[in-house]
Each structure stands twice: as C-alpha cells, then as structure tokens.
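One structure is given below, encoded as structure tokens.
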Amino acid sequence: MNDSVRPLPGDVVPDAIDQPFWDACARRQLLVYRCGRCGRCLWPAGSCPTDGMADMSWVPATGNARLHTWTVIHQQYSRSFTDTPVVVAVVELEEGTLIHTNIKDCAPADLRAGMPLRVGFDTTGPLALPVFAPAGGA
Amino acid sequence: MTPSPDVAIVGLGLSEQGRHLGVSRRELRRRAVDAALADAGLERAAVDGVVMVGSEAVDLRYLGLAPGFAYSLQAGGASPVLAVMAAAGAIATGQAEAVVCLYGEAWTSAPRQLEPNSGPPVEMDIKSVSYGYPFLFGMVGPGSVYALAARRHMELYGTTSQDLGRVAVVERDYAVVRPGAQGYKQPITLDDHQNSRMIVDPLRLLDCSRPTDGGAAVIVTSLARAADLSGSAVRVLGAGTAHGIEGWWDGSMFESMNAARSARRAFGQAGVSASDIDVAQLYAPFTIAVLMQLEDYGFCGRGESGAFVADGQTRLGGTIPTNTGGGQLSGFYATGFTPLSEGILQVRGQAPSSQVPGAGTCLVSGSGGNGGVQGSWAHASLVLGATR
C-alpha cells in the first residue's frame with residue numbers, strides 16, 4: 001500500500017465533529033454518536049432522525065457487530081489501493097447502526113451475513129482504521 | 001386518490017449516444033433540444049421553462065432560448081424523472097406552458113478524476129464519486145454499492161451470479177436488434193457473463209454499464225396545449241418519489257431501492273397496479289438494480305426476481321418486458337434519460353425494435369446520488385400513458 005496517497009478523514013469529510021472518533025481509534029477504542037433522548041446510535045456524527053442534534057454525544061461502543069453485507073473490490077480504481085483485493089463490508093454494530101468497514105482475517109468464501117464480528121484497528125496506514133474480524137478468531 | 005401530474009410529454013430529442021463522440025456536452029444538449037422541438041412541432045420561442053439535469057448553469061445563450069426560468073437539478077439518475085415532476089409543478093402553478101428538461105454529457109471525453117490527494121479535483125472526487133468515509137476502506141464509485149446490494153440479495157434469497165447474468169443477457173438481446181445501441185449486433189451468452197472478470201464481487205464486468213456520451217431532452221406541457229401540437233403526446237399518469245436514506249435508518253438499504261414507496265404514490269395517482277403496467281424501463285446501471293426493482297414494484301415476489309427473469313418474464317411476450325432498448329447495460333447510458341426516452345417511444349408505439357404491441361402504460365424509474373450515505377439514493381417513478 002502506498003500511504004502517501006491514501007486519503008485521510010479530513011480529505012474525505014472535512015468535519016471536525018468526527019475528530020473524537022478518530023482520536024479514540026488511535027487509542028484502540030470504538031465510539032458511536034448516541035442520542036441521549038432515544039438511545040439511537042450513529043456513525044459518523046449526525047442528527048438523530050427523531051430528536052435532532054441536541055443530545056448527541058460520543059460514547060464507547062462494545063465493538064461487537066454482525067456482518068450485514070460485503071463486496072470484494074477487484075477493480076483497481078485508484079493508486080491509493082494497490083494491496084490485495086480488499087473486503088469492504090457494511091456491519092451492524094451491537095448499538096444498532098450500520099457502518100462501512102473492512103473485514104480482516106477471514107477468506108471471502110467463509111463470510112456469511114449475520115456472522116458475529118469483533119472490532120480491531122488497522123494501523124498499517126497513517127491512521128488507525130476500525131476494521132472487523134470474526135469474533136473469537138478466524 | 002392523490003391528484004395526478006396531468007401533463008404530457010410532447011417532444012423527445014436524442015442526440016447520437018456513444019463512446020468518445022468528440023462532441024462537447026453543450027453541443028450535445030443543443031442537438032437534443034432542437035430534436036425535441038422538432039419532434040413536438042413546437043416553436044423555439046414557446047419554451048418558457050428549462051430544467052437541466054446536472055449541477056452546471058444552463059447555457060441559454062448557446063441554446064437560443066428565452067424562458068421565464070431556468071435551473072439545474074442534481075439528484076443523480078433520479079434527476080430526469082424529477083425534472084419532469086418539476087416541469088409539471090411549474091405548469092400547475094402557472095409559471096410555464098412548455099418546459100424543456102434536458103441533459104448532455106461527454107463522460108468518455110472527460111479526464112478521469114478518481115485519484116485522491118492529487119490536486120484540485122480531490123474535493124469533488126471524494127464527495128461525488130466516493131461519497132465520504134467508505135473511501136477510506138477502499139470503496140469507490142457506485143458499483144461497490146450495488147455489489148453490497150447484490151451480496152445481500154444472495155445471502156437473503158439464494159440469488160446467484162447466473163441470476164444476475166441472465167439480466168445482462170436479456171438486455172443484450174434487446175440491444176442486439178437496436179441500431180445505435182452499444183450492444184447492437186453483439187450478442188452475449190450466460191457463459192460470457194460468467195467468464196467476464198470480477199469488478200466488485202459479486203458483480204462482473206458484464207453486470208456493469210459503461211458511460212457513453214450523449215444528449216437528451218423532453219418537452220413537458222399541459223394536456224390542453226399538447227392536444228394542439230402536431231407531435232405524438234404521452235401522458236404522465238402518475239409520479240412518485242422515495243429516498244433510500246429511509247433504508248439506512250431501518251437497515252433495509254441494501255435489500256431494496258425503496259421503490260415500493262415511490263410505486264405506491266405513482267401507481268395510486270395513475271389508478272393502476274403493477275399488473276396493469278405493459279412495459280417497464282428501469283434505471284439499472286448494474287444488473288442487480290433490475291432484480292431489486294422487479295420486486296420493489298411488485299412485478300414478482302420478494303426474492304423471486306432471479307427465477308422471474310430466468311423464466312423469460314422480462315422479455316418481449318413476458319409478464320413485463322423490461323429495458324426494451326437494451327437499458328443502460330447494453331443500450332446507452334444517458335443517466336435517467338435512458339429509461340425515460342425508451343418509455344416515451346414504447347407508449348407512442350414508436351420503438352425502433354422490440355415494440356411491445358399495444359403498450360398503453362409504461363413504468364419509468366430513476367435512481368441516483370443525492371445525499372445521505374453511500375448508496376442511499378433518491379428514487380423516482382413515472383407512469384406514462386398512451387394518448388393514441
């Protein structure tokens with residue numbers, strides 16, 4: 001992987017509101033943005049569709065998730081992604097929100113919707129990225 | 001019953017559609033507008049509203065138009081259907097009598113702009129192509145979104161790559177007999193599909209459309225005005241919308257295109273049900289989009305679309321002939337104007353090939369990027385009706 005051209009969060013969405021999330025990732029902790037009124041959790045930061053932004057705050061997530069769906073990216077769209085075909089997935093966190101991520105330590109043929117996953121942090125790039133692997137090891 | 005749009009589409013203009021045409025997009029737009037005016041039998045000066053698909057300003061000077069209003073509308077592939085609705089609104093509020101809805105792009109003449117951190121295009125790239133944080137994980141472009149939907153469909157219903165491939169084969173078969181289509185005289189087999197390289201698993205090369213250059217325009221007017229024109233009018237019997245962000249909140253985003261909600265309004269306005277629709281033109285840049293919409297619109301049951309297509313139900317003579325010009329996969333990619341233009345031709349009885357005999361109603365759909373999260377797209381539907 002060529003780190004020099006891999007995008008950083010600020011390149012993608014120049015929005016300081018998510019900075020606590022990335023700071024926590026560097027400490028190997030996963031956060032979600034939770035509504036204090038109804039308990040709905042989001043990632044990235046945003047307004048609760050019921051209660052708006054007023055009572056939203058960052059709280060620790062359990063790091064447990066289930067696989068919702070995935071794709072294996074074979075096409076090389078960008079010089080930024082030159083490693084082995086990556087598994088891009090959408091997982092449902094235990095807190096209820098869907099998030100985009102990568103799946104590690106599991107052959108694509110062994111992936112199944114609903115399988116339990118556990119968060120980890122990929123620090124091979126300039127940034128700690130929250131990624132997921134089968135819970136309890138592959 | 002909710003009020004229907006009560007307007008007609010009186011002119012259709014299509015420029016040449018193809019790869020590397022070497023024609024600028026504003027010239028493609030001009031050709032489309034002039035063709036639509038000629039088709040409608042409408043004088044240039046009669047155009048009193050312009051809605052352009054895209055985010056550029058409209059070059060009215062180049063087009064030689066003097067409308068009361070002109071604006072651009074950007075909701076990705078849903079834009080053309082939404083433009084027709086906007087035109088109907090302008091007519092209903094007395095702001096216009098004849099509105100041009102237009103499009104023109106030269107995708108295959110434009111430089112590729114997908115590299116991050118490579119200079120000024122970054123900002124646009126990240127937002128319009130890769131849609132935010134998913135890019136950090138290697139997700140680029142709409143194909144991967146449809147791939148996530150395809151995999152979810154496979155996991156829920158046992159849908160296979162062959163099921164997707166049969167959609168590609170059906171649309172190619174329509175294109176093979178359609179002069180001007182990208183797939184004209186170039187048939188493919190299911191084996192060809194299975195042997196095509198993986199792009200974003202489970203989508204293979206032949207599950208994907210290719211960008212083409214081209215211009216398209218339609219003219220929307222009141223029913224009363226349409227009756228006075230020489231062109232062949234098509235009625236807009238019903239219209240509907242639904243945004244996919246709803247599916248992000250409830251977890252169903254990768255299981256449908258949320259078209260069922262859009263269909264309820266459009267079918268309700270038109271006073272029809274799925275079984276009354278004679279032909280369908282679905283926005284489908286990737287094969288899985290056809291399967292999801294066949295289910296969303298109720299042409300078959302949830303999870304049954306693979307078998308439905310395998311049984312020939314989307315072919316001529318089937319329950320619902322679909323994307324009869326080859327669609328975006330094998331016809332041409334003019335965003336939502338691909339399905340809209342073919343829908344108009346079908347209900348006029350003027351399709352150059354694969355005309356559905358006596359087609360009196362056509363469903364047209366549009367879907368595309370505007371806001372939400374990656375893949376939570378706007379969806380819009382029209383029910384077109386013949387006036388013959």
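The values are calculated or read from the model by the stated rules, or taken from the named source; none is laboratory data. Just so it is clear, the structure is predicted and the values come from calculations on it, not from any experiment. Cβ atoms come from the backbone with ideal geometry, glycine included; neighbour counts cover every protein chain shown. These accessible areas exclude ligands, DNA and RNA; they are computed on the full protein's heavy atoms, side chains included. Shrake-Rupley method; radii C 1.70, N 1.55, O 1.52, S 1.80 Å.
When B:Ala92, B:Ala45, B:Ala66 are checked against the criterion of being in contact with a Leu (Cβ under 8 Å, 6 or more places away or on another chain) and surrounded by fewer than 24 Cβ atoms within 10 Å (Cβ to Cβ), a single residue qualifies: B:Ala66. Counting only helices (runs of 4 or more DSSP H) that sit wholly inside segment B:218-328, those with at least 1 residues that are more than 15 Å from the chain's Cα centre (by Cα) and within 24 Å of B:Ser341 (Cβ to Cβ) are B:223-228, B:259-270, B:287-296, B:305-310.
For segment A:92-138, the candidate set comprises residues that are within 14 Å of A:Ala61 (Cα to Cα) and within 11 Å of chain B (Cβ to nearest Cβ); within that set, the residue that is most open to solvent (accessible area, probe 1.4 Å) is A:Glu92. Candidates are the residues of segment B:135-168 that are out of contact with any strand residue (DSSP E or B) (no Cβ under 8 Å at 6 or more places or on another chain), within 20 Å of B:Leu190 (Cα to Cα) and surrounded by fewer than 22 Cβ atoms within 10 Å (Cβ to Cβ); the one that is nearest to the other protein chains (Cβ to nearest Cβ) is B:Met154. Taken together, the criteria place B:Gln281 among residues that are under 21 Å from B:Gly11 (Cα atoms), polar (S, T, N, Q) and touching a residue at least 60 places away in the same chain (Cβ under 8 Å). Listed by position, the strands (runs of 3 or more DSSP E) enclosed by segment B:1-108 that each have at least 1 residues that are of a type in the set (D, E, K, R) are B:98-105. Note on segment B:235-276: residues that are hydroxyl-bearing (Ser, Thr, Tyr) and at pLDDT below 95 total 2. Condition (residue is under 14 Å from B:Phe337 (Cα atoms) and either modelled with pLDDT under 95 or aromatic (Phe, Trp, Tyr) (or both)) applied to segment B:15-29: is it met by at least one residue? No, there is no match, as no residue in segment B:15-29 is under 14 Å from B:Phe337 (Cα atoms) and either modelled with pLDDT under 95 or aromatic (Phe, Trp, Tyr) (or both).
All conditions but one from (1) touching a Ser or Thr at 6+ places or on another chain (Cβ under 7 Å); (2) part of a loop (DSSP other than H, G, I, E, B); (3) at pLDDT 75 or above apply to B:Arg151; the one that does not is (2). Contact map, segment B:232-257: residues that are within 14 Å of chain A (Cβ to nearest Cβ) and surrounded by fewer than 24 Cβ atoms within 10 Å (Cβ to Cβ) paired with residues that are assigned to a helix (DSSP H, G or I) and of a type in the set (Lys, Arg), Cβ distance under 6 Å, separation 6+ or inter-chain. Pairs shown: B:Glu255/B:Arg152. Do you know which residues across segment B:207-231 are open to solvent by 10 Å² or more (accessible area, probe 1.4 Å), under 27 Å from B:Val290 (Cα atoms) and of a type in the set (S, T, N, Q)? The one that is open to solvent by 10 Å² or more (accessible area, probe 1.4 Å), under 27 Å from B:Val290 (Cα atoms) and of a type in the set (S, T, N, Q): B:Ser209.
For segment B:201-219, the criterion of a residue being within 30 Å of B:Ala92 (Cβ to Cβ), in contact with a Phe, Trp or Tyr (Cβ under 9 Å, 6 or more places away or on another chain) and not small (Gly, Ala, Ser) is satisfied by at least one position.
Quick check on my filter: what residues within segment A:23-40 are surrounded by 20 or more Cβ atoms within 10 Å (Cβ to Cβ) and in contact with an Asp or Glu (Cβ under 7 Å, 6 or more places away or on another chain)? Once the filter is applied, which keeps residues that are surrounded by 20 or more Cβ atoms within 10 Å (Cβ to Cβ) and in contact with an Asp or Glu (Cβ under 7 Å, 6 or more places away or on another chain), segment A:23-40 yields A:Val32, A:Cys35. Selection of segment B:169-205 for residues being open to solvent by 40 Å² or more (accessible area, probe 1.4 Å), of a type in the set (A, V, I, L, M) and either in contact with a Leu (Cβ under 9 Å, 6 or more places away or on another chain) or more than 14 Å from chain A (Cβ to nearest Cβ) (or both) yields B:Val177, B:Leu190, B:Met198.
Within segment B:349-379, can you find the residues that are within 20 Å of B:Ala32 (Cβ to Cβ) and touching a strand residue (DSSP E or B) at 6+ places or on another chain (Cβ under 6 Å)?
As a first pass, look at segment B:349-379 and keep what is within 20 Å of B:Ala32 (Cβ to Cβ): B:350-352, B:364, B:366, B:368.
Answer for segment B:349-379, where residues must be within 20 Å of B:Ala32 (Cβ to Cβ) and touching a strand residue (DSSP E or B) at 6+ places or on another chain (Cβ under 6 Å): B:Val364, B:Gly366, B:Gly368.
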